[in-house]
Amino acid sequence: MTDPVFDTAVTRTYGSRLPIVAGGLMWLSDAAYVAAAARAGIMGFITAASFRDPRDLRAEISRARDACGDLPFGVNVSMLPKLVEGETIAETFRLIAGEGVRFVETSGRNPEAFLPMLRDAGIHVLHKVPSVRFAVKAQAVGVDMVSIVGAECGGHPGLDLVGTVVNQALAERRLTIPFLIGGGIGAGSQIVGALAAGASGVVIGTRFLVARELGAHADYKAALVAATERDTMLTMSSVRNTIRTLANDTARAVAGIEREDPDVGIEMLMPHVAGAIGRQAYATGDVSRGMLSAGQSLGLTDRVEPLADIVARLEAEATVALARLRPVPANRREAAE
Ligand SMILES: Cc1cc2nc3c(=O)[nH]c(=O)nc-3n(C[C@H](O)[C@H](O)[C@H](O)COP(=O)(O)O)c2cc1C
């Protein structure tokens, strides 16, 4: 039976068994992945940006709907930090609404401009930010829930680089809407810690990259199993788009260029950081090239296994952590001695 402490605003909103969200993963979180998440009792998000042709996104949503049945899934819409001419975010939201998707995870910039349209379509908005000051803004413009990912996270930790433990304490003080905590979460005890700090759940990316259902080459997953918490790098802060990735030839080259010329500009970095190179690494398993988002919880990715088994281990660890906190009644303590 699921422990009642896991019954939160997150499980009630999504109808998931556990308050765990598998955050969107560029090129990786597809219908098979979110269906595995749903069956494991958690909530998963397909990344819209992985599908350049709207017909492909529509087809993937349809596959997810078939695979999930009554179980929940959503779509991640990652926006660029600034509005750029010709971007198709509004069209993406319209497509999602048209497909009857009920949940979105937004990130990248404030989704305020799209909230009226999303609300009219009955879509619930979980907005992801890298620090509590942005969560306060998101709350003010009316998103339904926020997730705050700390400096440990895979992908974009923002420019402030505030750690997850500080984020959760600040979030408890400054937010009134339900919030999720992420960045480095990869063990059940951390989930209990986040819930104890007032979070309604956690968002996880890196810990799930070694899930069997994730559509990436076996050599890529083997490299993540072998990697430790010390095998990531932060780069791209020169262009105000800090990213934490696996430490590989590409990340080291980018760091070298930024060191030599702190004003280098994105054009010079593009030949290294283009998303297509990373996508290739997921397909071939050659992890030496490409900006491969990964966080410090690589130290906790210990084997490739079905997503449901990773989730079961997180739940078991959380249960052990809860037991540590619950005082043992005196009569049972004496019996154990
Ligand atoms: C490989 C990878 C790709 C990601 N792609 C996206 C993305 O496209 N959009 C997004 O909002 N977040 C993305 N993220 C962030 C995750 O959804 C999640 O917020 C983050 O991984 C949580 O921190 P953790 O990696 O420490 O668990 C990505 C993370 C990883 C590891």
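The values are calculated or read from the model by the stated rules, or taken from the named source; none is laboratory data. Values in this document were obtained by computation on a predicted structure and should not be read as measured data. Cβ coordinates were reconstructed from backbone atoms using ideal geometry, including for glycine residues, and neighbour counts include every protein chain displayed. With ligands, DNA and RNA removed, areas are computed over all heavy atoms of the protein, side chains included. Shrake-Rupley method; radii C 1.70, N 1.55, O 1.52, S 1.80 Å.
Things worth noting here:
- Pair Glu229, Ile257: separation of 7 Å Cα→Cβ label points (nm): 3.2 nm
- Two-site label geometry, Ala121 and Glu85: point separation in nm, points 7 Å out along Cα→Cβ: 2.6 nm
- Contact order relative to length of region 228-284, as percent, for alpha carbon pairs under 8 angstrom and 6 or more apart: 27 percent
- Inter-probe distance in nm under a simple model that places probes 7 Å from Cα toward Cβ, at Ala140 and Val328: 5.1 nm
- Amide H contacts for Thr235 (H built 1.01 Å from N in the peptide plane; partners 5 or more residues away or on another chain; cut-off under 5 Å): Ile243, Thr245.
- Residue order for Thr235, Thr88 - accessible surface, 1.4 angstrom probe, largest first: Thr88, Thr235
- Other-chain or far-sequence residues with amide H under 5 Å of His124's (modelled H): Phe103, Val104
- Overall size of region 26-72 from C-alpha positions, given as principal axis extents largest first: 30, 19, 11 Å.
- Sites listed here are trypsin sites (Lys or Arg not before Pro) in region 43-115 whose DSSP assignment is loop and whose Cβ has at most 10 other Cβ atoms within 10 Å: Arg52, Lys82.
- Sparse-neighbourhood loop sites, trypsin sites (Lys or Arg not before Pro) in region 180-239 - DSSP loop, at most 16 other Cβ within 10 angstrom: Arg212, Arg230
- Heavy-atom accessible area ranking, 1.4 Å probe, most first, across Glu112, Glu305, Glu213: Glu112, Glu213, Glu305
- Hz values of 3J(HN,Hα) by residue in region 207-220 - Karplus curve (6.51, -1.76, 1.60), Gly and Pro given as x: 4, 8, 5, 9, 5, 4, 6, 5, x, 9, 4, 4, 5, 4
- Solvent-accessible surface ranking, highest first, for Asp144, Asp70 at 1.4 angstrom: Asp70, Asp144
- Helical contribution to [θ] at 222 nm, DSSP H n ≥ 4, -39,500 (n - 2.57), averaged over the chain, rounded to 500: -12500 deg cm²/dmol
- From the largest down, the chain spans 69, 45, 38 angstrom on the principal axes of its Cα atoms.
- Of all lysines in the structure, those lying under 18 Å Cα to Cα from Lys128, and not within fewer than 8 positions of it along the same chain, are Lys82, Lys137.
- Size-normalised alpha-carbon gyration radius of region 228-284, reference 2.2 N^0.38 Å: 1.11
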